[in-house]
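Chemist: Below are the structure tokens for one structure; questions will follow.
Nothing in this text is a laboratory measurement; each read-out follows from the coordinates by a stated rule. Keep in mind that what you see is a predicted model, and the values were worked out from it rather than measured. In this analysis, Cβ positions are derived from the backbone assuming ideal geometry, glycine residues included, and neighbour counts consider all displayed protein chains.
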Amino acid sequence: MAKKSAIPSPLDRRLLIERELAAPAALALAEAYLAEERVVEAIVFLVKAGARDRLAALREDAVRAGDAFLVRELSRSLGEETPPERWRATAEAARAAGKGLFAAQAQRLADRKAD
């Protein structure tokens with residue numbers, strides 16, 4: 001028998017995003033997404049929960065993984081600019097992981113922010 005997922009269906013997710021949610025409920029949904037390694041989908045619920053520390057921790061994980069897309073999305077969610085040093089660290093991690101496109105993107109953003 002297949003294991004039942006704790007995350008909502010796409011339609012239910014959309015409805016949950018559009019309405020007010022108590023912080024504990026939003027955090028529980030975010031953690032359910034994170035348990036299934038669906039970070040992008042968890043972000044909106046972490047924002048609703050006001051879980052800035054969790055968003056910042058995920059951003060640091062994304063830097064270490066060299067995931068330029070997640071670094072950008074998590075920084076936006078936190079309402080913060082990404083400094084050149086963070087982009088350089090992301091680029092270095094991406095190169096080490098063989099993620100050439102993310103490495104190039106992060107390096108380009110680091111160079112742009114440094115100007």
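Chemist: Local charge sum around residue 33 (other residues, Cβ-Cβ under 11 Å, Lys/Arg +1, Asp/Glu -1)?
Modeler: Around residue 33, the surrounding residues sum to -2.
Chemist: Cut-off 10 angstrom, C-alpha nodes, Gaussian network model of the chain. Which of 29, 11, 78 fluctuates the most?
Modeler: Result for the chain, Cα springs under 10 Å: 11 fluctuates most.
Chemist: How large is the translational diffusion coefficient of segment 51-115 in µm² per second when you combine the Kirkwood radius over alpha carbon pairs with Stokes-Einstein at 4 °C and 1.567 mPa s?
Modeler: In µm²/s, the coefficient rounds to 115.
Chemist: Oh, and also: Can you divide the C-alpha Rg of segment 1-107 by 2.2 N^0.38 Å and report the result to two decimal places?
Modeler: This ratio for segment 1-107 stands at 1.17.
Chemist: Given a Förster radius of 30 Å and the C-beta distance between residue 5 and residue 104 as r, what FRET efficiency does 1/(1 + (r/R0)^6) yield to the nearest 0.05?
Modeler: 0.30
Chemist: Find, among the GluC sites (Glu not before Pro) in segment 1-77, those assigned to loop by DSSP (not H, G, I, E, B) with at most 10 other beta-carbon atoms within 10 angstrom.
Modeler: Those satisfying the criteria are 20, 37.
Chemist: Are there trypsin sites (Lys or Arg not before Pro) in segment 1-75 that DSSP puts in a loop and that have at most 15 other Cβ atoms within 10 Å, and which ones?
Modeler: Those that pass, being in a loop and sparsely packed, are 3, 4, 19, 38.
Chemist: What nm distance separates the two modelled labels at residue 38 and residue 112, each placed 7 Å from Cα along Cα→Cβ?
Modeler: Modelled inter-label distance: 3.0 nm.
Chemist: Then there's this: How large is the convex hull of the Cα atoms of segment 17-61 per residue, expressed in Å³ as a whole number?
Modeler: 59 Å³
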